[in-house]
1. Would you point out which residue out of PHE111, PHE87, PHE73 is open to solvent by 40 Å² or more (accessible area, probe 1.4 Å), assigned to a helix (DSSP H, G or I), within 26 Å of LEU12 (Cα to Cα) and aromatic (Phe, Trp, Tyr)?
2. Hey, could you check the stretch 1-42 for residues that are under 15 Å from ASP324 (Cβ atoms) and of a type in the set (Val, Ile, Thr) and say which is modelled with the lowest pLDDT?
3. When the residues of the stretch 398-422 are narrowed to those that are in contact with a Phe, Trp or Tyr (Cβ under 8 Å, 6 or more places away or on another chain) and open to solvent by less than 10 Å² (accessible area, probe 1.4 Å), which ends up modelled with the lowest pLDDT?
4. Of the conditions (1) at pLDDT 85 or above; (2) polar (S, T, N, Q); (3) closer than 22 Å to HIS166 by Cα, THR393 clears all except one; give me its number.
5. Is the stretch 343-352 home to any residue that is modelled with pLDDT of 90 or more, within 17 Å of the chain's Cα centre (by Cα) and under 25 Å from LEU7 (Cα atoms)?
6. Within the group ALA290, ALA309, which residue is at pLDDT 85 or above and open to solvent by less than 50 Å² (accessible area, probe 1.4 Å)?
7. Only residues that are more than 20 Å from LEU329 (Cα to Cα) and of a type in the set (A, V, I, L, M): list them for the stretch 362-381, please.
8. Among the residues of the stretch 320-365, which ones are under 27 Å from LEU176 (Cβ atoms), among the aliphatic types (A, V, I, L, M) and either open to solvent by less than 10 Å² (accessible area, probe 1.4 Å) or in contact (Cβ under 8 Å) with a residue 40 or more places away in the chain (or both)?
Amino acid sequence: RYRGLTLVLTFLCYTSYHLSRKPISIVKSQLHPNCSALSPNPGNDSNSSTWCSWAPFDGDNYKELFGALDNAFLVAYAVGMFISGIFGERLPLRYYLSGGMVLSGVFTTLFGLSYFWDIHVLWYFIIVQVCNGLVQTTGWPSVVACVGNWFGKGKRGLIMGIWNSHTSVGNILGSLIAGVWVSSAWGLSFIVPGIIIAAMGIICFFFLVEYPEDVGCSPPLHHDAGGVTSNEKDPEAVTPNEGPLSITGQSSTDRSNSPTGPAEEPEAISFLGALRIPGVVEFSLCLLFAKLVSYTFLYWLPLYIVNVAHFSAKEAGDLSTLFDVGGILGGIFAGLISDYTGGRATTCCVMLVVAAPMLFLYNRIGQNSIGTSIAMLIVCGALVNGPYALITTAVSADLGTHESLKGNAKALSTVTAIIDGTGSIGAALGPLLAGLISPTGWNNVFYMLIAADVLACLLLARVVVKEVRGWCGCIARKRGYVR
């Protein structure tokens, strides 16, 4: 029951994080709409082509300003993430997570209030985005560490693949909620998500349980100190008893009897120590390029649909949610396949290889008809977000509980922050590059995304070779055994 509660709470928490990030991509098309398609200009002294735009985004450089706005959030997020994991290992996760959610709600609301306060200065939007980016770094290391504390390795890919759908669910809900007010009072497109994430932060404060030991339950098996991993078939196989530990509980020999934390409070791993864990560097760099692609779609897809398919802002926002629907399917599929094969890197690499031609086809034929657009968005969403979801969840948890750590659970948050922080550099670069490249044509934006997918695949080559050699060794041993 506590495992279920942890999954549900962390799912809802990170859903609200993404729900609060999505409105900016929906509102962009309203900040600089096609004024000539609207009613006649009510003011004769205004520029007829931009009279309905929201200053300072009413100039010809509006795409660059949108890119700067995205970059302010994402650079702050990337920088803050490397620090956030260190704090996450040393502070109570419940306080850290709930405090960050409440603050994120405040800054998201402040962005929306600019509509009602009639604010038109760029520095206000930039400062709010920077502050929001910093406080949102409290989310990912905290929720992954909480889930990792409760679940062992066995079917972690499938469980976390399903759980990671919170990213896409948050994007979908954020798009739908923002779309309700985008054409009437776009400030509410930010205020309502801000209230939601702050409310979830309060709920998290009262109900989140960080460690199984906090409520007298036994911890899961990751890679125990003795290196025994044969019992890690089931991620929920913590002990034969699901309830609280008895006085003679079997797992108490490996963990502390203290109800407030992990065994003997081991020291949190250092930043350099986390980098030395095998696979951390490779997956971090791969995520940099994979997240570049994902976040470019997150921030620019609705505007691309408006410009290319000529839909309204609300219709483009609704249609863009199909990319996130594909992301849900891709995350689950990637987790299931990687659990079955044991090849996390190979699963990511194959999906990235297939994603490149699919992105090319979406740009070429994706707007030919509504049916084609729906199908291509779902397929591209699955192939782009599948590897991203797998690396940020199951791979991060695997590496954060790597056998080289000898059972030290004080590495989950730091490893997760390093991987996601490196990926967030790509998340910052993607929308920025899209803003700079899009004036030259959307084709060039897609070429940039395809190149990023190929680079992400190449960076995993060493780990993929290692996995393939492991499979070949297993096959050879089995054949030798049969003979």
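1. PHE87
2. ILE26
3. The residue in question is THR414.
4. Among (1) at pLDDT 85 or above; (2) polar (S, T, N, Q); (3) closer than 22 Å to HIS166 by Cα, THR393 violates only (1).
5. Checked against the condition, which is being modelled with pLDDT of 90 or more, within 17 Å of the chain's Cα centre (by Cα) and under 25 Å from LEU7 (Cα atoms), the stretch 343-352 yields at least one hit.
6. Values: ALA309 fails: at pLDDT 85 or above.
ALA290 is the lone residue from the list that is at pLDDT 85 or above and open to solvent by less than 50 Å² (accessible area, probe 1.4 Å).
7. ILE365, ILE370
8. LEU322, VAL325, ILE328, LEU329, ILE332, ALA334, ALA355, LEU359
The values are calculated or read from the model by the stated rules, or taken from the named source; none is laboratory data. Note that the structure is a prediction, hence the values are computed from the model and not measured. Cβ sites come from the backbone with ideal geometry, for glycine too, and all protein chains shown count toward neighbours. Remember, those area values only see protein heavy atoms, side chains included, never the ligands or the DNA or RNA. Shrake-Rupley method; radii C 1.70, N 1.55, O 1.52, S 1.80 Å.
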